[in-house]
Amino acid sequence: MFREHAVRLAIAPIAWTNDDMPELGQGNTFEQCISEMALAGYQGSEVGNKYPRSPAVLRRALELRGLEIASAWFSAYLTVRPYEETAEAFCIHRDFLHEMGAKVIVVSEQGRSIQGQMDTPLFAEKPVFDDQEWAALAAGLGGLGRLAAEKGMTLVYHHHMGTGVQTAAEITRLMELTDPGEVSLLYDTGHLAFSGENPLEVLRGHLPRIRHVHLKDIRPEVVRQVTAEKLSFLQAVKAGAFTVPGDGCIAFGEIFAELAASPYTGWFVVEAEQDPALADPLEYAIKARRYIRELSGL
Ligand SMILES: O=C1C[C@@H](O)[C@H](O)[C@@H](O)C1=O
Ligand SMILES: [Co+2]
């Protein structure tokens, strides 16, 4: 289905150790995590909180297992702090990823975000940016995008539950406010479905801007519970709102077909944060690997 070498498959360490809730998977080591990624048949990984920060040490551990770094998350605060503060932290992150050979940098605006707040209801309390915040975000992302380009890299914006860029309308607004040469889009199927959007429609609407993909599925019955019980994002994750592709309700066949027919090249990253005590990360990594192979030939 996909052109040869167009797309490579990675998996995020968040199923083994969760950056948003380090108590999840506390006992899982870095070595176990990357060994199991390789064992399950993945070619790449994103960077988690247990990964060595020395590029030489990290590279050796990954090379032993045939893995590469696809990218890593960066929290921006462009709507609430001076641009220079975010830009300084961004350059450190960019340089680390550049040394690791990554081509894209995942950025998410965390100004007024509730994604890390354990008791804040997800749907009722998400931030809604005013015109000034949109302007600061768009201008700041443009600046970060130019900094990424200095190293031949691309900024990919991660829309996310509980943030100011969550819904399809907010994604469209951000894409309209930013220059395609500076700001690209990360397409995360799970966050779109969780937010009540149609992931296929968003894909069709923004395909030329999409330069990185996170493959996540949702358990619809848990998402309904999150809404009814006014749970937070972190409570939702603990309750099992997310799972791997093929284990939830998203129709990935149409999504893969659309991407395969497009000029998309780059990584697909399986990213399904669950409580590792309830969902064995290796078992779910293998489940996703098999499902993606059956559906797309990847
Ligand atoms: O890409 C991601 C990184 C995580 O830290 C985040 O909370 C998760 O939901 C996600 O999509
Ligand atoms: Co994601």
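The values are calculated or read from the model by the stated rules, or taken from the named source; none is laboratory data. Bear in mind that the values here come from a model prediction, so they are computed numbers and not experimental data. Reconstructed Cβ throughout: ideal geometry from the backbone, glycine too, with neighbour counts over all protein chains shown. Only protein heavy atoms, including side chains, enter the accessible area calculation; ligands, DNA and RNA are left aside. Shrake-Rupley method; radii C 1.70, N 1.55, O 1.52, S 1.80 Å.
Looking at segment 2-26, which of its residues are at negative phi and open to solvent by 70 Å² or more (accessible area, probe 1.4 Å)? ARG3, GLU4, ARG8, ASP19, PRO22, GLU23, GLN26 - these are the residues of segment 2-26 that are at negative phi and open to solvent by 70 Å² or more (accessible area, probe 1.4 Å).
Among the residues making up segment 69-92, those that are touching a helix residue (DSSP H, G or I) at 6+ places or on another chain (Cβ under 6 Å) and not hydrophobic (A, V, I, L, M, F, W, C) are TYR77, THR79, TYR83. Where helices (runs of 4 or more DSSP H) fall entirely within segment 183-234, those with at least 2 residues that are away from ligand 1 (no atom under 16 Å from the Cβ) and closer than 19 Å to CYS249 by Cα are at 199-206, 220-228.
Scanning segment 74-99 for residues that are of a type in the set (Val, Ile, Thr) and crowded, with 20+ Cβ neighbours inside 10 Å returns THR79, THR86.
If the condition is being in contact with a helix residue (DSSP H, G or I) (Cβ under 8 Å, 6 or more places away or on another chain) and either within 16 Å of ligand 1 (Cβ to nearest atom) or among the acidic types (Asp, Glu) (or both), then segment 99-110 contributes GLU99, ILE105, VAL107, GLU109. Going through (1) within 14 Å of ligand 2 (Cβ to nearest atom); (2) in contact with a Lys or Arg (Cβ under 6 Å, 6 or more places away or on another chain); (3) on the phi < 0 side of the Ramachandran plot one by one, SER184 falls short only on (1). On the stretch given as segment 224-233, residues that are free of Cβ contacts under 8 Å to residues at least 40 places away in the same chain and either farther than 20 Å from PRO127 by Cα or among the basic types (Lys, Arg) (or both) total 2.
Could you tell me which residue of segment 163-182 is nearest to ligand 1 (Cβ to nearest atom), considering only residues that are of a type in the set (A, V, I, L, M) and open to solvent by 20 Å² or more (accessible area, probe 1.4 Å)?
ALA168
Looking across segment 10-33 at every residue that is away from ligand 1 (no atom under 16 Å from the Cβ) and in a helix (DSSP H, G or I), the one that is nearest to LEU282 (Cα to Cα) is identified as GLN32. Out of the residues in segment 187-209 that are of a type in the set (S, T, N, Q) and within 14 Å of ligand 2 (Cβ to nearest atom), which is most open to solvent (accessible area, probe 1.4 Å)? Selected residue: SER195.
For segment 44-61, filtered to residues that are polar (S, T, N, Q) and either out of contact with any helix residue (DSSP H, G or I) (no Cβ under 9 Å at 6 or more places or on another chain) or buried (at least 22 other Cβ atoms within 10 Å of the Cβ) (or both), the residue that is nearest to GLU273 (Cα to Cα) is SER45. The condition of being more than 16 Å from ligand 2 (Cβ to nearest atom), touching a residue at least 40 places away in the same chain (Cβ under 8 Å) and either acidic (Asp, Glu) or open to solvent by less than 50 Å² (accessible area, probe 1.4 Å) (or both) holds for only one of ALA257, ALA251, ALA241, ALA236, that being ALA257. Contact annotation: residue pairs with Cβ atoms under 6 Å, 6 or more positions apart or on different chains, pairing a residue in segment 172-186 that is touching a residue at least 40 places away in the same chain (Cβ under 8 Å) and under 14 Å from LEU207 (Cα atoms) with a partner that is open to solvent by 10 Å² or more (accessible area, probe 1.4 Å) and among the β-branched types (Val, Ile, Thr), are SER184/THR154. Beta carbons closer than 6 Å, at least 6 apart along the sequence or on distinct chains, never pair a first residue in segment 133-162 that is within 16 Å of ligand 1 (Cβ to nearest atom) with a second that is open to solvent by 30 Å² or more (accessible area, probe 1.4 Å) and part of a helix (DSSP H, G or I). Residues that are among the basic types (Lys, Arg), open to solvent by less than 60 Å² (accessible area, probe 1.4 Å) and closer than 22 Å to ARG53 by Cα do not occur anywhere in segment 100-119.
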